[in-house]
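Worksheet: one structure, shown below.
The values are calculated or read from the model by the stated rules, or taken from the named source; none is laboratory data. The model shown is predicted, which means the values in this text are computed figures rather than measured ones. Cβ: placed from backbone, ideal geometry, glycine included. Neighbour counts: every protein chain shown. Calculation scope for accessible area: heavy atoms of the full protein, side chains included, ligands and nucleic acids excluded. Shrake-Rupley method; radii C 1.70, N 1.55, O 1.52, S 1.80 Å.
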Amino acid sequence: MPDETEILAALFAASLGLTEGSSPQGSAAAREDLWHGFLSRLAAATQAESALLRLGGPGRPATGWQVGADWDGPAEAVVERMRSGRVYSQIDLPGAGPSGPPLRALRWRLGREARVLLALRRRGEDFRAVDGLQLSNLIPYLGVVLGGWRQLEEERARALLDGQIAAALGGGWILFAPSGQVSAMAEGLEARLQVLAGLSLRADGRLSLPEEAAQALRLALAAVAQQPGTVRQVVLSTEPRVELRLGLQTVGGELQLTGRLRHALSARALPCDRLARAFGLSRSEARLAACLCDGLSLAGAAQVLGWTLETARSTSKQIYARMEVSGQPGVLRRMLESGVWLD
C-alpha cells in the first residue's frame, strides 16, 4: 500500500510531467498517465473504489483525470458551495442530501477563479479517519503543484504553437554532441527531412548525409566548438535545399552546439483549394500560381501542367489581375508574405 511519501512523489512527478529518466517535454499521453498514477496510489492507500481530480471554474471547460469505477464526482452546484481547504464527507457535503455512497472530497481555490476538486468514493463501509487524513495531508501542496502544472501546460502549448509555425515555414532546430551525434531535434523534423530530402538519422545517431555534406558538417562542428562566437553555414541538401546555421547557444543552462535549420518550401505541395480561397483564384489559376511561386517560368509551368504556352500566358494575366500584382515577381512576393503556409 503506498505511503504518504509515495503519494506526494507521484503528485509532484505528475505536475512536472516527469517519469524516471524522462524530460518535461514527454508526450501528452505519458503526462496523462502520471496523473492516473497519482490517483491510483491515493485510491490504493484509502481503499477507494474511485478517485478523481478535476480543475474548472466559471465559464471554462473542466479538465481532469479519474481512475477506478466511473464517477463524475459531486455536482458543480455542490462544489461551488464547498469551502476551500476543508475535507468533506458524504454527510456534510453542502446541498448533496443527508445520505449517499461514502466519499471524501476536498476543494482548493487556484488563482481568482479556477478551483481544484479532489474526491474519493467507495461502496460499503465508510472511509476511516486516516483516509480523510490522506487528503488533508495534500492541502499544503495542492495550490503550488497545480498552479505550477497549469503554468507548464500553458508554456507547452505556446511551445507547440511556435513549433508548428516554424515547421510550416520550413524551420527547425537540431542539437549536436561534439562528436557529431544528434542529441535532440525539433518535434517532427526528422520525418519532414526524410520525406523532403531523404535525410534520416543513422543507427549511431548521426545524420545520414552525402559525403560532401557530411564532411562540411564535421568541419563546421569542430570550428564552432573550438571558437565560441563562430557561426558556420552548412548545406545539407541542394535539391531540395536544406541549410543549417551552426553555432553555440545556451540551452538548458549549458552551451550546446545548436543548428538552426531551414528547408525549401513548395507551393505546389499546398492544397490547391487553400490557395484558391486565399487569393480568390480558380483551381487552374491556383495551380499555375503555385508553379510560379516555386520559381518555374511560364514555359516550365506549362510543361508541368500539360498546358500550351498560350494557355499559361492568358491564365497568368488573370492571376495578376486577381492578385493585383504586375507580374511573376509580384505573385511570388504575395504568396511568400501570406499566411497560406500556416493553415
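Observations
- Test: G253 is over 25 Å from A186 (Cβ atoms) and either touching a Cys at 6+ places or on another chain (Cβ under 6 Å) or surrounded by fewer than 19 Cβ atoms within 10 Å (Cβ to Cβ) (or both): no
- Residue count for region 248-265, restricted to those that are more than 13 Å from W173 (Cβ to Cβ) and assigned to a strand (DSSP E or B): 4.
- If you go through region 104-149 and keep only what is assigned to a helix (DSSP H, G or I) and open to solvent by 70 Å² or more (accessible area, probe 1.4 Å), you end up with A129, V130, L133, P140, Y141, V144.
- Some residue of region 279-290 being outside any helix (DSSP H, G or I) and at pLDDT below 95: no
- Residue that is within 22 Å of Q164 (Cα to Cα), part of a helix (DSSP H, G or I) and open to solvent by 80 Å² or more (accessible area, probe 1.4 Å), where the choices are R245, R274, R268: R268
- Members of region 150-167 that are exposed (fewer than 15 other Cβ atoms within 10 Å of the Cβ) and either within 25 Å of A220 (Cα to Cα) or not charged (D, E, K, R) (or both): Q151, A157, A159, L160, L161, Q164, I165
- Residues located in region 192-242, provided they are touching a Leu at 6+ places or on another chain (Cβ under 9 Å), in a strand (DSSP E or B) and open to solvent by 40 Å² or more (accessible area, probe 1.4 Å): L201, R232, Q233, V235
- L189 vs. criteria more than 15 Å from the chain's Cα centre (by Cα), of a type outside the set (V, I, T) and buried (at least 16 other Cβ atoms within 10 Å of the Cβ): no
- Test: R274 is in contact (Cβ under 8 Å) with a residue 12 or more places away in the chain, within 26 Å of E239 (Cα to Cα) and touching a strand residue (DSSP E or B) at 6+ places or on another chain (Cβ under 8 Å): no
- Selection count, region 316-333, where residues are within 14 Å of G280 (Cβ to Cβ), in a helix (DSSP H, G or I) and open to solvent by less than 50 Å² (accessible area, probe 1.4 Å): 4
- Any hit, region 33-55, residues being closer than 30 Å to V251 by Cα, out of contact with any His (no Cβ under 8 Å at 6 or more places or on another chain), modelled with pLDDT of 90 or more and open to solvent by 20 Å² or more (accessible area, probe 1.4 Å): yes
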